[in-house]
Amino acid sequence: MNDQFVDDLLARMTWQEKLGQLQITYHPDAGRTRDLVSAGMGCIFWQGSAEATNAMQRHAVTHTRLGIPLLVGLDVIHGQRTIFPTPLALAASFQPELAEVVARISGREAASGGVNWTFSPMVDVSRDPRWGRVVEGFGEDVLLNSTFGAAMVRGYQGDDLAAAGAIAACAKHFVGYGHAEGGRDYNTTDMSEYRLRNTYLPPFKAVLEAGAATVMAAFNTIDGVPVHANGRLLTEVLREEWGFEGVVVGDADGVMNLIPHGVAANPSEALLLAFRAGLTVEMGGNLVKDGIHVLTDAELSPTVVDDAVRRVLTLKVALGLFDDPYVDPEREILEATPEHRQIARDVAASSMVLLKNDDALLPLAEPRRILVTGPHANSTDHLGAWVQSFATPSGSIVDELRRRLPETEVLLSLGATFLGGDEPSLAAEAASRASESDLVVVFVGEPGNLSGEAASRSDLRLPGQQEALIHAIADTGVPFIVVIESGRPLALSEWFHRAPAVLQAWHLGTEAPHAIVSALTGRTAPSGKLPVSLPRSSSQVPIFYSHENTGRPATVGGQLEPTKWDPALHGPNNVDDKYSSKYLDLDLGPLLPFGHGLTYTRFEYSEARVSTETLSLDSLRHGATFGLEITVTNVGERAGDEIVQLYVHDLVAHRVQPIRVLRKFSQVHLEAGESRSVSFHLCFEDLAFWSESHLTPGFDVEAGAFDVFIGGSSDAALATRIEVTTAP
Ligand code: BGC
């Protein structure tokens with residue numbers, strides 16, 4: 001089955017049948033969906049079971065003139081039945097190979113029920129954690145989004161889309177959605193071509209190179225043009241520049257949103273704008289309406305429609321749907337299997353980030369009596385945003401602790417609810433129980449629905465009275481650990497200094513309680529690193545490691561300390577550094593940097609070794625590389641995993657460069673006392689940036705010096721300086 005098959009089919013289709021292929025409706029009831037399929041609709045949302053989905057496929061195949069099978073889409077974001085850590089948590093593993101496994105299992109579970117298309121992965125670089133959808137992507141960094149996105153695509157699609165268990169991936173949301181003004185969902189995005197090309201487009205390029213079959217248009221505008229009507233992005237960049245031959249689906253009602261955006265006056269105008277710009281499938285249900293088609297071939301060019309239909313049919317062929325659109329209901333996977341659960345535990349262990357661990361409080365030495373408190377202690381809300389109602393639920397942490405530590409008395413006191421309005425007595429009661437315990441573990445954070453779509457927050461602190469609970473526990477003097485489950489990086493400054501140990505656990509999915517207890521007890525060791533900087537305060541965002549230096553970088557943070565403040569003479573105490581880029585009332589930089597994460601052992605880095613300090617631009621263009629090698633030693637008393645990170649700074653270029661860019665990372669497992677050398681190769685792409693004013697507009701390397709930093713976070717020390725020369 002090939003292009004010829006598609007061309008022949010296309011030649012037999014009526015205008016109405018063609019338009020039908022270019023639509024997917026969401027969430028209508030089965031009766032309504034059947035009517036729309038009868039009217040020619042070619043794509044549906046999953047029907048909830050293998051049997052119901054088979055029935056709809058059968059309807060399409062037997063009750064429409066040409067019997068074209070259906071694309072069946074669903075948001076399988078971090079699991080179908082087995083829920084894995086959220087994408088943001090997954091990114092904290094810095095192990096893209098885990099994302100591939102997660103996607104493969106999720107795809108297999110979904111495919112067993114008849115899903116053949118997932119709206120994942122999201123590769124929107126997210127630098128403003130007020131935006132709730134930061135949880136759905138891989139954080140603030142370009143390379144993390146690119147590598148994790150590509151790994152997810154490989155996991156979902158495998159080598160052959162027609163193979164059992166493979167489903168089509170969708171790179172979303174193209175493009176710039178993570179840059180919404182003020183972090184408000186669906187809001188305006190405006191940015192230079194320079195930033196678009198260097199930061200927001202590269203992850204999409206990477207996932208398309210990994211073979212993503214589809215792309216979803218973003219809700220936002222760029223340059224005043226909503227992406228759903230943006231021909232420059234959907235046609236010029238995606239198709240003409242990058243040669244994308246797959247399907248571009250609109251986001252839910254994204255085409256109709258062109259009306260409130262103010263670029264279309266009515267539905268047909270909105271549809272015309274979108275299809276002319278390069279959209280392939282409208283999501284929302286406006287193209288085929290009760291059998292009456294709103295667009296005529298006088299309005300929309302048949303060439304545009306034929307091209308879109310060809311893309312949809314080609315995908316259906318690739319998925320093998322014309323050979324067999326059905327799945328075996330007997331083999332539908334209905335809940336997490338023990339094997340999948342075990343993998344979910346392993347992935348969760350690698351996703352947790354140990355933010356601090358004073359006095360090696362963790363792992364827990366078998367305490368006689370512990371108090372667990374905080375809203376996450378007894379809740380079962382650990383799955384995270386974007387899960388469906390049929391996902392395998394998780395249990396509670398307190399139950400898991402009691403099961404796993406039979407020798408320990410585990411007391412429970414709620415301490416605070418998620419959103420507050422609490423009786424102050426809740427924290428007071430927890431504090432009094434704390435005094436009867438050897439140790440307290442405070443489980444705080446956000447419920448799952450406080451992140452994800454339409455879940456932006458203006459205040460990044462723990463919601464409700466949870467900070468008050470932490471202070472109340474700290475006041476008792478009993479040693480305590482804070483475990484944070486959240487869908488975004490939170491602002492922890494107001495209590496962080498008081499907590500001896502803090503574990504960032506994100507939302508880890510079905511196996512969250514098991515994985516968290518394993519990490520606390522030392523059966524596993526948290527080995528993740530922050531895929532996002534932790535801000536000092538909500539008003540400091542966006543704050544991200546890969547920023548530009550500015551003409552006046554600050555060296556001293558601001559502090560409005562009344563004792564040092566002399567308004568007559570100096571103003572703030574750091575007046576020497578006054579005319580620099582900072583806030584007068586905040587320390588410099590984030591609370592904790594991107595890439596930071598401790599574990600239950602410590603690592604030391606040797607001096608770096610470099611294969612050559614100088615390469616000519618010409619040889620770099622022809623494939624020469626700088627080889628770098630560093631020895632990492634586990635200097636602690638137990639085995640552990642380290643994520644070795646390499647950052648590059650281009651010192652002088654004709655356009656300003658970020659102070660550091662993550663270019664390589666690698667996970668290394670070391671037994672206690674073991675040393676291992678880790679090597680990297682920096683090639684042309686690793687030193688290049690995009691500019692329209694290069695000799696040839698595009699990515700290029702400019703000769704000069706580059707600093708290379710290698711270590712365990714974005715604060716890594718300078719490893720070496722390398723030089724690219726113009727000499728041949
Ligand atoms: C979201 C998409 C999602 C779609 C379908 C939209 O509201 O923005 O990410 O894939 O709904 O559920």
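Read the figures in this text as sums done on the coordinates, not as results from a lab. In this text, all values refer to a predicted model and were calculated from it rather than measured experimentally. FYI the Cβ positions are ideal-geometry reconstructions off the backbone, even for glycines, and counts take in every protein chain you see.
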Whose amide H sits under 5 Å from the amide H of LYS664, counting only residues 5 or more places off or on another chain, with H placed in the peptide plane? LEU646
Give the peptides 591-603, 384-396 in descending order of average Cβ contacts within 10 Å, highest first. 591-603, 384-396
With r as the distance between the Cβ atoms of THR726 and GLU561 and R0 = 35 Å, compute the FRET efficiency 1/(1 + (r/R0)^6) and round to 0.05. 0.10
The helix 302-318 Cα axis meets the longest alpha-carbon principal axis of the chain at an angle in degrees, between 0 and 90 and rounded to 10, of 70 degrees
Taking R0 as 45 Å, what FRET efficiency do you get between THR380 and ALA52 from their Cβ-Cβ distance, rounded to the nearest 0.05? 0.95
Hull volume per residue for segment 595-694, using the convex hull of the C-alpha atoms, in Å³ is 107 Å³
With label points built 7 Å along Cα→Cβ from the Cα atoms of GLU97 and GLU330, find their separation and express it in nm. 3.7 nm
What are the extents of the Cα atoms of segment 186-345 along their three principal axes, in Å, largest first? 52, 43, 29
Measure nothing but the geometry: give the 0 to 90° angle between the long axis through the Cα atoms of 512-521 and the longest principal axis through the Cα atoms of the chain, rounded to 10°. 20 degrees
Selected from GLY137, THR82, MET152, residue furthest toward positive end of dipole (segment 53-170; charges at beta carbon): THR82
Calculate the spin-label point distance for ASP35 paired with ALA653, positioning each point 7 Å from the Cα along the beta-carbon direction, and give it in nanometres. 5.6 nm
Net length gained if the chain between SER301 and ARG65 were fully extended (0.36 nm per residue, minus Cα distance): 82.6 nm
Would you work out if segment 425-498 is rounded, prolate or oblate? Take a ≥ b ≥ c from the square roots of the eigenvalues of the alpha-carbon gyration tensor; rounded if a/c is under 1.5, else prolate when a/b is larger than b/c, oblate otherwise. prolate
Nearest-0.05 FRET efficiency for VAL635 and LEU588 at R0 = 30 Å, using Cβ-Cβ distance, is 0.55
Tilt relative to the chain, helix 466-476 - C-alpha long axis, 0 to 90 degrees, to 10: 20 degrees
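What is the projected area of the convex hull of the Cα atoms of segment 322-434, averaged over all directions, in nm²? Can you show the working numbers first?
Values: hull surface 46.3 nm².
Seen from a random direction, the Cα hull of segment 322-434 projects 11.6 nm² on average.
If the viscosity is 0.890 mPa s and the temperature 25 °C, what translational diffusion coefficient in µm²/s does Stokes-Einstein give for the chain when Rh comes from Kirkwood over Cα pairs? Don't jump to the answer; show the numbers that get you there.
Numbers: Rh = 27.1 Å.
It comes out at roughly 90 µm²/s.
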With the crude spin-label approximation of a point 7 Å out along Cα→Cβ, what separation in nm comes out for HIS694 versus ALA162? 3.9 nm
Determine the dipole magnitude for the chain: charges of +1 sit on the beta-carbon of Lys and Arg, -1 on that of Asp and Glu, nothing else is charged, the reference point is the Cα centre, and the result goes in debye to the nearest 20. 260 debye
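What Kirkwood radius, in Å to one decimal, follows from the Cα pairs of segment 473-568? Can you show the working numbers first?
Working: mean 1/r = 0.0594 Å⁻¹.
Kirkwood radius, segment 473-568: 16.8 Å.
Just from its helices, what would the mean residue ellipticity at 222 nm be for the chain, if runs of 4 or more DSSP H residues each count -39500 (n - 2.57) and the sum is divided by every residue, rounded to the nearest 500 deg cm²/dmol?
On the way: 19 runs with 186 residues, N = 728.
When only DSSP H runs of four or more count, the value is -7500 deg cm²/dmol.
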